[in-house]
Amino acid sequence: MIPDPSTMLYLGIGSLVGLISGMFGVGGGFLLVPLLNSTGMPMHLALGTTLFAISLGGFTGAYKHLQEGNVHVGAAPVFGLSAIVGAQVGSYLACLASEHVLKVALGVACSAMALRMAFDGEIEEKNEIRDNTAIASLTGFGVGAFSGFTGSGGGVLFVPVMASILNFPTMLAVGTSSVIVPISALAGVAQYWMEGYVNFWAALAVVVGMLMSSYVGAELSNKIGGEKVKRAFSVVLAIVGAKMTLNGLLLT
């Protein structure tokens, strides 16, 4: 039996995103949405499918971090509940937005992430964790809304806030974020699903591809040297962001 060409295409896209995610330690949403859109998939469908793929693929990492004790069990529910509400608001607004608005928003987000990756330094580890429900709630809502609107996981924002403002150790921030992101993404998917903006089989093929290649990416990162390649990737991401922004501005 010959595989469906579209399935093989999505499997290939997932493998590429998984490889890059593993190499640079970034979520795949920022790349996955433009790649799906470049195949002719409309932006709304690309956003919903990406969020669904993030939710499906994220629970494996979350389970591993839970097992290893890298999750702040007190803060996670606060971040998570507010992120769920935010993701639903963000996805609702995205479903109402036009194609060009979504492209510009994602392009700006890609460019901002590229800048953060290019100039990101080591986060200083601090001794005492701050328990601040207000900051956790506001951050969860804001990142959830951002995730729902742009199709990104949100981990790239959760981790620095947890580490820099709430004094989470880096691994605790990463682990706690890994639990929140798939739940938040799944909440955002609900609105896209109701509007018919989720391609289930494409998302499944993407996840399989990501799982196949992410480990290889992590191994390559260790051999090549993560920081140098990470900065090189930030240039690629900036180009993707500029292209998406320009396409959105020129879209009629």
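The values are calculated or read from the model by the stated rules, or taken from the named source; none is laboratory data. Please read all numbers here as calculations on a predicted model, not as lab measurements. Because the Cβ atoms are built from the backbone with ideal geometry, glycine has one as well, and the counts that use them run over all protein chains shown. The protein model used for the area step is the full one, side chains on, heavy atoms only, and it has no ligands, DNA or RNA in it. Shrake-Rupley method; radii C 1.70, N 1.55, O 1.52, S 1.80 Å.
The residue that is modelled with the lowest pLDDT, counting only those in region 145-190 that are among the aliphatic types (A, V, I, L, M) and closer than 17 Å to CYS110 by Cβ, is VAL156. Taken over region 150-168, the criterion of being open to solvent by 50 Å² or more (accessible area, probe 1.4 Å) and either under 23 Å from LEU45 (Cα atoms) or touching a residue at least 40 places away in the same chain (Cβ under 8 Å) (or both) is satisfied by SER164 alone. Somewhere in region 121-133, is a residue at pLDDT 90 or above and either of a type in the set (A, V, I, L, M) or open to solvent by 30 Å² or more (accessible area, probe 1.4 Å) (or both)? Taking every residue of region 121-133 in turn, none turns out to be at pLDDT 90 or above and either of a type in the set (A, V, I, L, M) or open to solvent by 30 Å² or more (accessible area, probe 1.4 Å) (or both). Residue count for region 65-108 satisfying the condition of being touching a Ser or Thr at 6+ places or on another chain (Cβ under 9 Å), more than 27 Å from ILE129 (Cβ to Cβ), open to solvent by 10 Å² or more (accessible area, probe 1.4 Å) and aliphatic (A, V, I, L, M): 3.
Suppose we filter region 136-172 for residues that are over 15 Å from the mean Cα position of the chain (by Cα) and either in a helix (DSSP H, G or I) or within 17 Å of GLY29 (Cα to Cα) (or both); how many remain? Lay out the reasoning, then the answer.
Looking only at region 136-172, we keep the residues that are over 15 Å from the mean Cα position of the chain (by Cα), and these are 136-139, 141, 161-172.
Pick out the ones that are also either in a helix (DSSP H, G or I) or within 17 Å of GLY29 (Cα to Cα) (or both) and you get 136-139, 141, 161-164, 170-172.
So the answer is 12.
Surrounded by fewer than 24 Cβ atoms within 10 Å (Cβ to Cβ) and under 28 Å from SER98 (Cβ atoms): does that describe GLY142? So GLY142 fits the description; yes. Scanning region 176-208 for residues that are closer than 30 Å to ARG130 by Cβ, of a type outside the set (A, V, I, L, M) and surrounded by 24 or more Cβ atoms within 10 Å (Cβ to Cβ) gives THR176, SER177, SER178, SER184, GLY188.
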